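The structure under discussion appears below in the form of C-alpha cells.
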Ligand code: PGA
C-alpha cells in the first residue's frame, strides 16, 4: 500500500512570524494523521519552519533549487545549502517555474539528479496546458515530461521521487480535473514508469494530484486508486483548510 503524501506549496507567500504561528497550529491539528505532511515554503521561511516543525510530523521542503553545488549564479540557492539546514524535500519543475523562468525539461532533469546527490527528496511536477488537453495530447505530454524528468535515474531513485501531476489549467483557477480524469492521467504516468523501470517501481512511486485541491474535493480525489495525495497551493495558505485536507478521511 502506498502512503498518502500531502504537501503544501506556499509559493511566494508568508513571512517568518506567520510561518511560526501556522506551523505551531498545524502541528496540533495534524498530529494524528497517517499521511505524510510536507510544507514547501519560501527560502526566507525555511529556517524558521524547520525549527518550528522540530518534534512534529511535519516535513519541510523548498520550492526550487539550482543544480550546481556552488558558484557564480547570483540569486540562486544550491542543494548543498538546503541540505546544510536539514531541508528534506524540494519541488522541482513546477509549471510556474517552467512558464515564468524558462525552466526546461533538461534543467528539471539535472535538478532532480542533483537533489538525489545531496540527499534531498524531489517532488517533480508535470502537467499539460489547456490547449494540449483540448487537442487530445494530455497523455503524450505528461508521459514525455515524466520520461525526460527521470532520464538517467536509477530505479531506486525513481521509486523515491514524488511526482505531482498538475494540469496547468487547474492551478489557481478553481477548476479541478474530475477525479476520474486525474486518476487516468496518473495511471498513464504510472504505466510509463512501469515500462521504463518495471512494475514494482511503478507500484511504489508516489504520484500526487495538484490543481485547486480544497478540503471539499480532497476526499473524492485522494480516494481514487492511483492518486497518492496532493500538492496544494492556495488552500495551503489557510491552516484550518490545509489541516482539513490532510485529515480528509476523518
Ligand atoms: P493551487 O496550486 O492549489 O492553488 O491550484 C497548486 C500548485 O500550483 O501546486
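Computed from the coordinates by the stated procedures, all read-outs in this text should not be read as laboratory data. Quick caveat: nothing in here was measured; it's all calculated off a predicted structure. Virtual Cβ from ideal backbone geometry, glycine too; neighbours counted across all protein chains shown.
Okay, here's what the table says:
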{"item": "Residue with peak Gaussian network fluctuation, the chain [Cα springs, cutoff 10 Å], from 75, 172, 233", "result": "75"}
{"item": "Distance between the stretch 67-135 and the stretch 137-193 - C-alpha centres, whole angstrom", "result": "15 Å"}
{"item": "Shape call, the stretch 1-102: gyration tensor on alpha carbons, a/c limit 1.5", "result": "prolate"}
{"item": "Among 176, 104, 161, residue whose mean-square fluctuation peaks in a GNM of the chain (springs only between Cα atoms under 10 Å)", "result": "104"}
{"item": "Least to most buried among 45, 32, 24 (fewest other Cβ within 10 Å first)", "result": "32, 24, 45"}
{"item": "Per-residue [θ]222 nm for the chain (sum of -39500 (n - 2.57) over DSSP H runs n ≥ 4, rounded to 500)", "result": "-13000 deg cm²/dmol"}
{"item": "Footprinting exposure proxy for 66, 94 (fewest neighbouring C-beta atoms within 10 Å first)", "result": "66, 94"}
{"item": "Relative contact order of the stretch 1-76, pairs being alpha-carbon contacts under 8 Å that are 6 or more residues apart, as %", "result": "34 percent"}
{"item": "130, 46, 237 arranged by Cβ crowding within 10 Å, fewest neighbours leading", "result": "130, 237, 46"}
